[in-house]
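Right, one structure below, let's go through it.
No value in this document is a laboratory result; all are computed from the given coordinates. Note that the structure is a prediction, hence the values are computed from the model and not measured. Positions of Cβ are backbone-derived with ideal geometry, glycine not excepted, and every protein chain shown enters the neighbour counts.
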Amino acid sequence: MQASYFKSAVFWIFLLAAIPFWLCLIWCFNLETDFNWFREHLSIYLYAGLLLPVIEEIVFRGFIQGQLEKFLGVRRIGVLSYANILTSLIFTAVHFLNHPPAWAILVLIPSLIFGYFRDKDNTLVTPVILHVFYNAGYFLIFGAAD
């Protein structure tokens, strides 16, 4: 039986929206990619593109957002819960530790999307799929451009 999130047009829109964003990054930064990087650094790519997003989703959407939801209830601003907004601000703040400020700030948008799907579907599966997909493309593009 297919999970309901795979039937959601909103899920597919947010999943596939990453592709034009990546193409825009390649164009804006005039990146020349060398995809041999992928083969030579497979363990780093798997860590950054697969393992790290799963861990981040368990910690941020699973634990922090879950605890904030228990504390704050299901109060919302539009479609975004207070728990999602606060979790996303924390998630963004953590990214300031190892990203330039502009990149760290840009993390807020996908974080709100991941949190939205955690609230909507009441599961970590959807945010994990999105986060892995987003990170996989990002690290493939920027890793190959180094």
Taking chymotrypsin sites (Phe, Trp or Tyr not before Pro) in a DSSP loop with at most 12 other Cβ atoms within 10 angstrom as exposed, one finds the longest site-free stretch of the chain at 36-146
With +1 on the Cβ of every Lys and Arg and -1 on the Cβ of every Asp and Glu, the dipole magnitude of the chain about its Cα centre, in debye rounded to the nearest 20, is 620
Between Leu108 and Leu52, the two model label points (7 Å from Cα along the beta-carbon direction) sit apart by a distance in nm of 2.1
Relative to the chain, whose Cα atoms define the longest principal axis, helix 125-145 and its Cα axis are tilted in degrees, nearest 10, by 20
Long-range amide H partners of Arg76, meaning residues 5 or more apart or on another chain whose placed amide H is closer than 5 Å, are Tyr82
Computed on Cα atoms, Rg of the chain relative to 2.2 N^0.38 Å comes out at 1.08
Sorting Ile85, Pro100, Leu46 by the position of each Cα along the dipole of region 37-145 (Lys, Arg +1; Asp, Glu -1; all at Cβ), the one nearest the positive end of that ordering is Ile85
Rounded to the nearest 10, the angle in degrees between the Cα long axis of helix 108-121 and the longest principal axis of the Cα atoms of the chain comes to 50
